[in-house]
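The values are calculated or read from the model by the stated rules, or taken from the named source; none is laboratory data. Everything numeric in this text was worked out from a predicted model, so none of it was measured. A quick note on method: Cβ atoms are made from the backbone with ideal geometry, for glycine too, and the neighbour counts reach across all protein chains shown. The accessibility values were calculated without ligands, DNA or RNA, using every heavy atom of the protein model including side chains. Shrake-Rupley method; radii C 1.70, N 1.55, O 1.52, S 1.80 Å.
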Amino acid sequence: MSAGGGTLHVVSTPIGHLGDLSPRAVEVLRGVSAILAEDTRHTRGLCERFEIRTPLLAYHEHNEASRVPGLVARLVAGESFALVSDAGTPLLSDPGDRLVRAAIEAGVTVSPVPGPSALLAALVISGLSAERFTFFGFLARKGRERTEAIQAIVAAPQTAVLYEAPSRAAETLRELEVAGAGDRPAVLARELTKQFETVVRGTVREVATAAEAQPPRGEVVLVIGAGAPVALDEAALRSLVESWRAEGRTAREVSQALQERGAPRNLAYRLAHE
Ligand code: SAM
């Protein structure tokens, strides 16, 4: 908690269905000095719908660097703001991280009003494991960064979630197929919470074919299932165990670290006590 000053509320707003704006979000949006909005015209529509008469200030990727110092000064002086994006949760492939970091550094309280996000909405209806997952956001459009991201998704030992433009969904799925993930489970979640919500499930190859046959329109999230676990190399694990022992780790710590690397509990215990 800050010693004084205002609060920066990070407020989630609907990704489609307006009924998903929480009562507390409305209360907070009504109560702050200003709402920092990615697109003031868009947020004005939401505010009108919920009779929120708070002034709006533009805060987006093109002005965030210049806006931050003034906003933080006002927070420190005692004003409170609500940060929103056009849809869902700010900072998730949306602006906000600079302001949040600067507010924290200045000792300002940063508090969430959690709610909708396309990331979690797609993950929890995907039917794929939500126990561990990696969020890749939007992939780079081309170049090495894109190739590396594709490889990282293919290698990921957990579910991968990515945002994608509808016109590029099929291409991205094909690239994943070429990189070796063609048989992995995939879900294309489109227009979640909206009138034309559609979920396509299958393998990466099948969902790519479906997206080619009928290019999706609207907003899309791709969820890719984890790959088959890579066979563990016992010799490599043993050399890890030796180096951890040399560091002075206990058998229990070694066993735990092995399990974190995917070793089954029995094997981890055996190697740690050898
Ligand atoms: N911050 C937002 C969130 O928490 O969901 C995401 C913002 S990002 C700029 C926009 C992307 O989110 C879209 O391109 C799409 O991938 C995904 N998205 C947003 N709304 C969606 C919806 N209703 N259905 C499916 N995907 C959606």
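If a residue counts only when it is among the charged types (D, E, K, R), within 26 Å of Thr193 (Cβ to Cβ) and out of contact with any helix residue (DSSP H, G or I) (no Cβ under 8 Å at 6 or more places or on another chain), which helices (runs of 4 or more DSSP H) contained entirely in region 1-104 have at least 3 such residues? Walk me through how you get there before you give the answer.
Working: elements: 23-31, 40-49, 64-76.
Answer list for region 1-104: 23-31, 40-49.
I need a count of the residues in region 5-53 that are open to solvent by 40 Å² or more (accessible area, probe 1.4 Å) and either among the hydrophobic types (A, V, I, L, M, F, W, C) or at positive phi (or both).
Count: 4.
Could you give every pair whose Cβ atoms fall below 7 Å, whose first residue belongs to region 42-56 and is over 16 Å from His9 (Cα atoms) and assigned by TED's automatic domain parsing to the domain that holds Glu27, and whose second residue is of a type outside the set (A, V, I, L, M, F, W, C) and open to solvent by 20 Å² or more (accessible area, probe 1.4 Å), counting only separations of at least 6 or pairs across chains?
Within 7 Å, the pairs are His42/Asp86.
Go through region 80-99 residue by residue and tally those that are under 16 Å from Ala121 (Cα atoms) and either among the polar types (S, T, N, Q) or within 6 Å of the ligand (Cβ to nearest atom) (or both).
Total satisfying the criteria: 5.
Can you list the strands (runs of 3 or more DSSP E) lying wholly within region 133-215 that have 1 or more residues being of a type outside the set (Asp, Glu) and under 21 Å from Leu91 (Cα atoms)?
On the way: elements: 133-138, 159-164, 185-190, 198-203.
Once the strands (runs of 3 or more DSSP E) in region 133-215 are filtered for at least 1 residues that are of a type outside the set (Asp, Glu) and under 21 Å from Leu91 (Cα atoms), what remains is 133-138, 159-164, 185-190.
I need every pair where a residue in region 106-134 that is hydroxyl-bearing (Ser, Thr, Tyr) has its Cβ under 8 Å from the Cβ of a residue that is away from the ligand (no atom under 11 Å from the Cβ) and open to solvent by 60 Å² or more (accessible area, probe 1.4 Å), sequence separation at least 6 or different chains.
Hits for this filter: Thr109/Met1; Ser126/Arg201.
Consider region 183-202. How many of its residues are in contact with a Lys or Arg (Cβ under 7 Å, 6 or more places away or on another chain) and crowded, with 18+ Cβ neighbours inside 10 Å?
1
Which one of the conditions (1) closer than 30 Å to Leu18 by Cβ; (2) more than 14 Å from the ligand (Cβ to nearest atom); (3) open to solvent by 10 Å² or more (accessible area, probe 1.4 Å) does Ala213 fail to meet, given that it meets all the rest?
Of (1) closer than 30 Å to Leu18 by Cβ; (2) more than 14 Å from the ligand (Cβ to nearest atom); (3) open to solvent by 10 Å² or more (accessible area, probe 1.4 Å), only one is false for Ala213: (1).
Run down Ala165, Ala179, Ala170 and say which single residue is open to solvent by 40 Å² or more (accessible area, probe 1.4 Å) and small (Gly, Ala, Ser). Outline the logic, then answer.
Numbers: Ala165 fails: open to solvent by 40 Å² or more (accessible area, probe 1.4 Å); Ala170 fails: open to solvent by 40 Å² or more (accessible area, probe 1.4 Å).
That would be Ala179, the only listed residue that is open to solvent by 40 Å² or more (accessible area, probe 1.4 Å) and small (Gly, Ala, Ser).
With Val124, Val108, Val68, Val76 as the choices, which residue is more than 16 Å from the ligand (Cβ to nearest atom), β-branched (Val, Ile, Thr) and open to solvent by 40 Å² or more (accessible area, probe 1.4 Å)? Give the derivation first.
Details: Val124 fails: more than 16 Å from the ligand (Cβ to nearest atom); Val108 fails: open to solvent by 40 Å² or more (accessible area, probe 1.4 Å); Val68 fails: open to solvent by 40 Å² or more (accessible area, probe 1.4 Å).
The match here is Val76.
Only residues in region 81-105 that are on the phi > 0 side of the Ramachandran plot and open to solvent by 10 Å² or more (accessible area, probe 1.4 Å) count as the first member; pair them with residues that are of a type outside the set (Phe, Trp, Tyr) and more than 9 Å from the ligand (Cβ to nearest atom), Cβ under 9 angstrom, at least 6 apart or cross-chain, and list the lot.
Within 9 Å, the pairs are Leu91/Val10; Leu91/Leu83; Leu91/Asp97; Leu91/Val100.
For Thr172, which of the numbered conditions (1) out of contact with any strand residue (DSSP E or B) (no Cβ under 7 Å at 6 or more places or on another chain); (2) within 12 Å of the ligand (Cβ to nearest atom); (3) hydroxyl-bearing (Ser, Thr, Tyr) fails to hold?
Single failed check for Thr172: (1).
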